[in-house]
Amino acid sequence: MLTGRLDAVVPLPLEVLPAPGQFHLTAATTVAAVDDAASDAVALLRRRVAPLPSATAAAAGRHDRPPSSIVLTSDEADPALGPEGYRLRIGTERIEVVAGGHDGFLWAVQTLRQLMPPELGDAGVPPDGVAVPCASIHDAPRYPWRGAMLDVARHFFSPADVCSVTELLAAYKLNRLHLHLTDDQGWRIEVRAHPELATVGGQTAVDGGPGGAYTQADLTAIVEHARRLGVTVVPEVDVPGHTNAALSALGWLSCDGEPRPPYTGTHVGFSSLCVEEERTYGWLDDVIGELAALTPGAWIHLGGDESAATDAEAYRGFVTRALDLVRAHGKVPVGWGEIGAAELGGPTVVQHWFDPRPTLAAAAQGAGIVLSPADRTYLDQKYDESTPVGVTWMGAITTERAYAWDPARSIEGLDPDRILGIEAPLWTETISTRAEVERMLVPRLPALAEVAWTSEASREWRSFAARLAGHRGRWDADGIAWTADPSVAGLA
Ligand code: ACM
């Protein structure tokens, strides 16, 4: 009989207490949700664990035991575990999933999936069933912001690719998908007030790649698919630099009124919106308004990085105004570290990537900080010299290097209470296929997921590496490409 294991869960839960015996999952095992907040989790369980039949909550209740059942309930949820926490009690006849809300139920099902043998795939439960070791697990994340960023501007990735990457994030309990939707080489989102942004600005990509852009319906579908997995999409339009694609589509956005030629190279820091002109703010308001309506998440990311072609003082004035535009549409603005040099003027999230000084300035203004230090989290960096795609400006990032750092101590002088979490950006100048994306993410993204989820005191590289090795069968079963990083014994 296929048997699952308790010692392969990534990220490591708060507590796993093994208990005697095994739960026997069969095709007749029933699923009952006592709580509407669990409906997405039940759908996930049916789709990714096994297509099990339903039972009513009463039939699966404490006093009436069908042969085996999985019950999801918010009764007796522990408020101390927070909105993403959960308990999983695996007994010999019943698995009980207890969570306070939507996301906790989903994370519990992701854990349950990892307890199952990877061979239990889409084919359904084998005739002799599956054994799952009994245990009591309780769990909750260290940080509320656990993300990855996909650059769909340098190369375009289809909605199906993005949804597939989202499944990978959710499997490791990451809850933010930051989409870098615009850059010098491409504008990837339909804006109805300015259709040329997508129809003209979307046609290019690095090295003459095919380009593309999401319709608003595409983005809505991506956002909804992510929401059902517990993942919030954070859309980014990068301004005032990184805007050549917009300036090529709408010449009137330039100070001289002339469209810029399309750009398919990989330099940065040469383009700028005309930040002195009022028309720029009217345009930005249109763009932010449409994005705000399309994305139910709390955040809109305005970029703000590497604006070397914008006068420094004018840059700061632009940032203050642009952040307020986002707030006027009911969202919290996010920007790369550089925006910390400006007056933020209200609730803001600042994404640190390189220079600690503006990040510290942002924290001093009360901003929440998301940590994406390039030397740990930039997953466009090669694993080592043998990695076929990727760049090396930050040096190689092995899986061990991605794992072995403490966010709370990563920037000297940063108050740890300001840290919201971490995010792993994948820039795609050198990456153009789903398989290349996956090979850059796996196994480093699971490593960063554990950095974000698991308390520092509980993390240990060799324990992680041993658990991670148990996932290769799962990646293979799911058709996910991965890198046999020699820093992980058991994967190489
Ligand atoms: C960045 O890497 N320019 C945020």
(request) Please work out if Thr359 is within 16 Å of the ligand (Cβ to nearest atom), in a helix (DSSP H, G or I), in contact (Cβ under 8 Å) with a residue 40 or more places away in the chain and of a type in the set (Val, Ile, Thr). (result) yes
(request) Go through (1) open to solvent by 20 Å² or more (accessible area, probe 1.4 Å); (2) part of a helix (DSSP H, G or I) and name the single condition Phe270 misses. (result) (2)
(request) With the condition kept exactly as written, say whether any residue in segment 54-69 is within 21 Å of Lys173 (Cβ to Cβ) and crowded, with 22+ Cβ neighbours inside 10 Å. (result) no
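A quick yes/no check of all residues on (1) over 22 Å from Asp183 (Cα atoms); (2) open to solvent by less than 20 Å² (accessible area, probe 1.4 Å); (3) touching a strand residue (DSSP E or B) at 6+ places or on another chain (Cβ under 6 Å):
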{"position": "His329", "(1), (2), (3)": "yes, no, no"}
{"position": "Gly335", "(1), (2), (3)": "no, yes, yes"}
{"position": "Ala342", "(1), (2), (3)": "no, yes, no"}
{"position": "Ala362", "(1), (2), (3)": "yes, yes, yes"}
(request) Please find, among Gly282, Gly297, Gly346, Gly257, the residue that is of a type in the set (Gly, Ala, Ser), assigned to a loop (DSSP other than H, G, I, E, B), farther than 27 Å from Ala364 by Cα and away from the ligand (no atom under 16 Å from the Cβ). (result) Gly257
(message) Based on this model, can you work out whether Glu400 counts as away from the ligand (no atom under 12 Å from the Cβ), acidic (Asp, Glu) and in a helix (DSSP H, G or I)?
(response) yes
(message) Looking at the structure I just gave you, is Leu17 assigned to a loop (DSSP other than H, G, I, E, B), hydrophobic (A, V, I, L, M, F, W, C), open to solvent by 10 Å² or more (accessible area, probe 1.4 Å) and touching a strand residue (DSSP E or B) at 6+ places or on another chain (Cβ under 6 Å)?
(response) no
(message) I need the full set of residues from segment 182-219 which are crowded, with 24+ Cβ neighbours inside 10 Å, under 19 Å from the mean Cα position of the chain (by Cα) and not in a strand (DSSP E or B), in order please.
(response) Arg188, Leu219
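Determine if segment 230-249 includes at least one residue that is in contact with a Cys (Cβ under 6 Å, 6 or more places away or on another chain) and under 21 Å from Ala292 (Cα atoms).
No, segment 230-249 has no match at all.
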(request) Identify the single condition in (1) in contact with a helix residue (DSSP H, G or I) (Cβ under 9 Å, 6 or more places away or on another chain); (2) part of a loop (DSSP other than H, G, I, E, B); (3) crowded, with 23+ Cβ neighbours inside 10 Å that Val237 does not satisfy, given that it satisfies every other one. (result) (2)
(message) Anything in segment 363-380 that is under 15 Å from Ser487 (Cα atoms) and without any contact (Cβ under 8 Å) to a residue 24 or more places away in the chain? List them, or say none.
(response) none
(request) List every residue pair whose Cβ atoms lie under 7 Å apart, where the two residues are 6 or more positions apart in sequence or sit on different chains, the first residue falls within segment 222-251 and is touching a residue at least 60 places away in the same chain (Cβ under 8 Å), and the second residue, located anywhere, is among the aromatic types (Phe, Trp, Tyr) and assigned to a strand (DSSP E or B). (result) Val234/Trp299; Ala245/Trp187; Ala246/Trp187; Ala249/Trp187
(message) Need the failing condition index for Asp122 against (1) open to solvent by 50 Å² or more (accessible area, probe 1.4 Å); (2) at pLDDT 90 or above, just the number.
(response) (2)
(message) Residues that are surrounded by fewer than 21 Cβ atoms within 10 Å (Cβ to Cβ), assigned to a loop (DSSP other than H, G, I, E, B), among the β-branched types (Val, Ile, Thr) and more than 16 Å from the ligand (Cβ to nearest atom): does segment 407-430 have at least one?
(response) no
(request) From (1) in contact (Cβ under 8 Å) with a residue 40 or more places away in the chain; (2) crowded, with 21+ Cβ neighbours inside 10 Å; (3) away from the ligand (no atom under 16 Å from the Cβ), pick out the condition that doesn't hold for His352. (result) (3)
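Each row is one residue, and each column tells you yes or no for (1) touching a residue at least 12 places away in the same chain (Cβ under 8 Å); (2) among the charged types (D, E, K, R).
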| residue | (1), (2) |
| --- | --- |
| Trp405 | yes, no |
| Ala408 | yes, no |
| Ile419 | yes, no |
| Glu423 | yes, yes |
| Glu429 | yes, yes |
| Thr433 | no, no |
| Pro443 | yes, no |
| Leu448 | yes, no |
(message) On the basis of being under 19 Å from Glu338 (Cβ atoms) and under 27 Å from the mean Cα position of the chain (by Cα), does Gly297 make the cut?
(response) no
(request) Identify the residue in segment 302-334 that is under 13 Å from Leu284 (Cβ atoms) and in a strand (DSSP E or B) and, among all such residues, is nearest to the ligand (Cβ to nearest atom). (result) Gly303
(message) Suppose we filter segment 219-241 for residues that are within 16 Å of the ligand (Cβ to nearest atom) and either of a type in the set (Gly, Ala, Ser) or closer than 12 Å to Gly335 by Cβ (or both); how many remain?
(response) 7
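Taking Arg467, is it away from the ligand (no atom under 16 Å from the Cβ), open to solvent by less than 30 Å² (accessible area, probe 1.4 Å) and among the basic types (Lys, Arg)?
yes
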(request) Please work out which residue is surrounded by the most Cβ atoms within 10 Å (Cβ to Cβ), limiting yourself to segment 450-464 and to residues that are without any contact (Cβ under 8 Å) to a residue 12 or more places away in the chain and either over 24 Å from Ile369 (Cβ atoms) or touching a strand residue (DSSP E or B) at 6+ places or on another chain (Cβ under 9 Å) (or both). (result) Glu460
(request) Would you point out the residue of segment 138-156, among those that are under 20 Å from Ala171 (Cα atoms) and hydrophobic (A, V, I, L, M, F, W, C), that is farthest from the chain's Cα centre (by Cα)? (result) Ala140
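The values are calculated or read from the model by the stated rules, or taken from the named source; none is laboratory data. Bear in mind that the values here come from a model prediction, so they are computed numbers and not experimental data. Counting neighbours? That spans all protein chains shown, and the Cβs are built from the backbone with ideal geometry, glycine included. When the accessible area is computed, the model is the full protein with side chains, heavy atoms only, and any ligands, DNA or RNA have been set aside. Shrake-Rupley method; radii C 1.70, N 1.55, O 1.52, S 1.80 Å.
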